[in-house]
């Protein structure tokens, strides 16, 4: 590993550790806010991606270990004495989150803005969809036994667009609003149609792949 890789790994682990501390200690009495704070704020990892110099480091040292760690802290953990995140409602959501980041990091290492599109759709888009839908959702529908709201889907669409613009601006890439809106629309549809938890996998992959294909 080169110095950039080492700094990148340290930044990722330190940042996630801080988020977990805030989520599980400071916000522990507010499970919904705690869960969504972690879900959304992890998306800011896209700011760290330029530090990495090798795809295998970003994928298998910075991202992949979180697949194991999040599983061990999930309700399905074989370590019964470990305090799980079930109270905050994570389930396997964070595991899927880690899997999607690992896949995107390896495939699109030389195009970090593509990774970023997948990350922000998954974090900010999906996170605010759930948060706003839970608090303000009035127009409810059932899709594959999951409860969705129009308000949540609108939030998903808007925040995916906004944060995609931020990500592309950060990487100095051309901002094509029709393309971004198209990606956000597809991400919103995928989020609504995917069973709960698995959308942390499908939304990010679908968004990044679609953006890569049409941008």
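The values are calculated or read from the model by the stated rules, or taken from the named source; none is laboratory data. Since this is a predicted model, take the numbers as computed values, not measurements. Neighbour counts are summed over all protein chains in view; Cβ atoms, including those assigned to glycine, are modelled from backbone coordinates with ideal geometry.
General observations
- One residue alone among 66, 52 is over 24 Å from residue 162 (Cα atoms), surrounded by 19 or more Cβ atoms within 10 Å (Cβ to Cβ) and at pLDDT below 95, and that residue is 66.
- Applying the condition of being free of Cβ contacts under 8 Å to residues at least 24 places away in the same chain and crowded, with 16+ Cβ neighbours inside 10 Å to region 124-151 and asking which residue is nearest to residue 190 (Cα to Cα) yields 149.
- Lone unmet requirement of (1) surrounded by fewer than 22 Cβ atoms within 10 Å (Cβ to Cβ); (2) within 18 Å of the chain's Cα centre (by Cα); (3) modelled with pLDDT of 85 or more for residue 159: (1)
- Scoring residue 57 on the criteria (1) buried (at least 18 other Cβ atoms within 10 Å of the Cβ); (2) over 16 Å from the mean Cα position of the chain (by Cα); (3) over 22 Å from residue 118 (Cα atoms) leaves a single failure, condition (3).
- Count of region 28-40 residues which are crowded, with 18+ Cβ neighbours inside 10 Å and free of Cβ contacts under 8 Å to residues at least 60 places away in the same chain: 4
- Just one of the listed residues (120, 82) is farther than 19 Å from residue 8 by Cβ and either touching a helix residue (DSSP H, G or I) at 6+ places or on another chain (Cβ under 6 Å) or at pLDDT below 95 (or both), namely 82.
- Region 6-64, residues that are farther than 16 Å from residue 97 by Cα and in a loop (DSSP other than H, G, I, E, B): 27, 28, 29, 30, 48, 52, 53, 54
- Tally of residues being within 10 Å of residue 121 (Cβ to Cβ) and within 15 Å of the chain's Cα centre (by Cα) across region 168-198: 5
- Each residue in region 3-12 was checked for being in contact (Cβ under 8 Å) with a residue 12 or more places away in the chain and surrounded by fewer than 18 Cβ atoms within 10 Å (Cβ to Cβ), and 3 pass.
- Filter pass, residue 192 being under 23 Å from residue 99 (Cα atoms), touching a strand residue (DSSP E or B) at 6+ places or on another chain (Cβ under 8 Å) and buried (at least 18 other Cβ atoms within 10 Å of the Cβ): yes
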